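Notes for the one structure printed next.
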Amino acid sequence: MPINEEDPGCRLYLVTPPRIELATFPSSLAQALDGGDVACLQLRLKDAQDDDICRAVEALLPLCRGRGVPLILNDRPDLARQTGCDGVHIGQEDATYADAREAVGDSGIVGVTCHDSRHLGMEAAEQGADYVAFGAFFATETKQASTRAPVEILQWWSDIMVVPVVAIGGITPDNCAPLVRAGADFLALVSAVWDHPDGPGKAVEIFNAVISESS
């Protein structure tokens with residue numbers, strides 16, 4: 001998989017806030033990416049118009065490319081292809097895996113939300129997903145989480161599957177260690193990074209230190 005080819009252990013999977021200001025967010029993103037190891041960035045603007053999403057990609061893609069960090073677009077395979085993103089992440093009510101793969105090609109990244117369902121995870125892996133995402137593992141205010149995934153699902157997955165797994169939902173430096181030890185390949189982070197009191201760069205630094213200590 002392009003964001004984890006050498007299996008370097010658990011890494012950070014950043015997700016943008018639900019709304020971003022293009023006048024200021026690129027600076028925050030640069031701080032985060034310069035704060036330590038980051039595997040990828042997902043642009044997740046659920047309520048934005050197509051033009052706004054395209055402008056956001058145009059502003060953020062050079063920052064990501066300059067640091068070797070793939071940019072993945074949430075929900076929209078069509079716009080991912082149109083804007084040159086490195087991949088797309090789809091939920092269970094979004095585009096089909098087949099549509100997503102056709103849009104980004106064999107070399108693009110396709111990730112699939114699987115909530116707390118082992119069946120959905122297996123199904124996505126069999127179709128060819130580059131990663132699956134389970135969650136929410138903890139309470140989160142970023143989005144309305146319809147499911148709560150047990151930590152054990154990560155251990156189960158890592159024991160039988162080679163497809164990487166992303167843990168998402170309410171993850172902080174204080175609660176992420178069990179997820180790392182259970183086998184999460186990536187920790188998906190939103191407010192714990194962008195709203196950190198010492199800035200996103202410091203948040204990335206802290207998360208990477210906790211991962212190192214927990215591995």
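Quick note: the coordinates plus some simple rules give every number you see, no bench work behind them. Not measured: the values here are computed from a predicted model. Neighbour counts run over all protein chains shown; Cβ positions are idealised from the backbone, glycine included.
Brief remarks follow.
- Relative packing of peptides 179-190, 110-121, 198-209 - highest average C-beta neighbours within 10 Å first: 179-190, 110-121, 198-209
- The helix-based estimate of mean residue ellipticity at 222 nm for the chain, built from -39,500 (n - 2.57) per DSSP H run of four or more residues and divided by its residue count, is -11500 deg cm²/dmol to the nearest 500.
- Virtual spin-label span in nm between E21 and Q82, 7 Å along Cα→Cβ: 2.7
- Segment S215-M122, extension gain: residue separation times 0.36 nm, minus the distance between their alpha carbons: 30.9 nm
- For R65, net neighbour charge (Lys/Arg +1, Asp/Glu -1) across residues whose Cβ lies under 15 Å away: -2
- Alpha carbon centroid spacing (whole Å) that separates region 11-49 from region 64-122: 16
- Spin-label zone in region 59-97 - amide nitrogen under 13 Å from a point set 7 Å from the Cα of S107 along the C-beta vector: 85-87
- Our estimate of slack between S146 and R181, defined as 0.36 nm per intervening residue step minus the Cα-Cα distance, is 10.1 nm.
- Separation of the R65 and D99 label points, Cα + 7 Å toward Cβ, nm: 2.7
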